[in-house]
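What follows is calculated from the coordinates using simple rules that are stated; it is not laboratory data. Just so you know, these numbers come straight off a predicted model, no measurement behind them. Here the Cβ positions follow ideal geometry from the backbone for every residue, glycine too, while neighbour counts run over all protein chains shown.
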Amino acid sequence: MVIGGGAPVSIQSMTTTATADVSATLGQVRALASAGCDIVRVAVPTRADTAALREIVAGSPVPIVADVHFHFRRALEAVEAGVAKIRLNPGTLADRGQVREVIAACRAAGVPIRVGVNEGSVHRSEAGRRRDGGPAAGIMAEALEAYLEPFHEEGFEDLVLSAKSRDAVTCVAVNRILAGRFDYPLHLGLTHSGTARTGLVRSMVAVGALLAEGIGDTVRISLAGDPMAEVTAAKELLWSLRLRQREGVEVIACPTCGRTRADVNALAEAVGAELADVREHLTVAVMGCVVNGPGEAEGVDAAACCGKSRATIYRRGRRVRTVPLAQIVPALVEEARRLLAEG
Ligand code: SF4
């Protein structure tokens, strides 16, 4: 797996199981991988966690990254266990001597290091927040630069950088600084961004803005709760920005208004569920009336435009039949599968 240097932007997430619980952790790693996660990070706060790593690395379909804070020996043990990368926050290690030991172990094993700074560990002033992200962004960039000194002194270049804040504006500002100052790949994400309700918007705004500017090589959409939601969100973000070829059925639905006589949302959800097994990219639209419907139908593979009691079904912009509202879902599914069969 390559990060940076023009490689496609990769999706990361982090397990929420106790890493020492090998079967639970591997179960979550595999689920994340099959949902589209490219790299999975695991926390290794204890010796029992790093002791579990060898088995986790061997059983994982994707690269495993060890997340190290406070105990540099965990990093050494993780390298020994064969992890693909170490995530290190030098701000939480006791001294540079420990950082140098980790560098030496990683160099010997050919393991890259992500050097990360979190806003919480270097800047806590809410009063310092401004519309342009400063001065927190500047302070974070300076802290990261200081963290990098032992790496430069040791001539260790196999690095990924990250600077995380819970604030979207700060995140954008600091990553713009990093992108202008360093050539290393950047890992993007907010730290403790929030629940799926608040954190999702905050993360998507910050990470999306940066990716749209061409900044960022790997992303994590940090959300409290089930990490599967992180992968779904990251995938949708990369698809939306056309940084990754979309897969599966993309269901488009109008927002509905006073003209709508059908339950557009329920129909769209049902079509998506019926076609969840499809891997090829196909676009299916459910429109609540004929105002925008025919125009929308021209640009998609299959569409239904709902009327009062019947819907018109379109295939690749061609009107093919009308069906009662109750038959919209099977009709769209049939059209989609026919298109797939025709290739
Ligand atoms: S497609 Fe029709 S029903 Fe849907 S939002 Fe537009 S005007 Fe309203």
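Quick notes
- Take the Cβ atoms of residue 243 and residue 46, set R0 to 30 Å, and the FRET efficiency comes out at 0.25.
- Extending 7 Å from Cα along the Cβ direction at residue 197 and again at residue 107 yields two label points whose distance is 5.1 nm.
- Calculated [222 nm] ellipticity per residue, helices only, for the chain: -13000 deg cm²/dmol; basis is -39500 (n - 2.57) per DSSP H run with n ≥ 4, divided by all residues, nearest 500.
- The stretch 10-240: relative contact order in percent, alpha carbon pairs under 8 Å with at least 6 residues between: 17 percent
- Where N is the number of residues in the stretch 249-342, Cα Rg divided by 2.2 N^0.38 Å: 0.94
- Volume in Å³ per residue [convex hull over Cα atoms, computed for the stretch 184-343]: 134 Å³
- Three-way shape call for the stretch 10-240 based on the alpha-carbon gyration tensor, with the a/c threshold at 1.5: oblate
- 289, 306 arranged by Cβ crowding within 10 Å, fewest neighbours leading: 289, 306
- Global geometry of the stretch 291-343, whether rounded, prolate or oblate, following the gyration tensor of its Cα atoms and the 1.5 cut on a/c: oblate
- Charge context of residue 156, other residues only, Cβ under 10 angstrom, K/R +1, D/E -1: -2
- A cut-off under 12 angstrom between Cβ atoms defines the neighbours of residue 235, and their net charge, with Lys, Arg +1 and Asp, Glu -1, is -3.
- Candidates 48, 58, 331: whichever shows maximal mean-square fluctuation once the chain is modelled as a Gaussian network with Cα springs under 10 Å: 331
- Share antiparallel - DSSP beta bridges, the stretch 259-343, percent rounded to 5: 75 percent
- Cα-based shape type of the stretch 1-146, given that a ≥ b ≥ c are square roots of the gyration tensor eigenvalues and the cut on a/c is 1.5: prolate
- Amide H within-cut-off set for residue 250, under 5 Å, with H built and near neighbours excluded: 282, 283, 284
- Other residues whose C-beta falls under 11 angstrom from the C-beta of residue 86 contribute a net charge of +2, scoring Lys and Arg +1 and Asp and Glu -1.
- Note on residue 265 and residue 298: the extension gain reaches 9.8 nm, defined as 0.36 nm multiplied by sequence separation minus the Cα-Cα distance.
- DSSP beta bridge pairing in the chain, given as percent antiparallel to the nearest 5: 25 percent
- Assuming charge only on the beta carbon of Lys and Arg (+1) and of Asp and Glu (-1), the dipole of the chain about its Cα centre is about 1020 debye to the nearest 20.
- Residue 326-residue 276 pseudo-label distance in nm [points 7 Å out on the Cα-to-Cβ vector]: 2.5 nm
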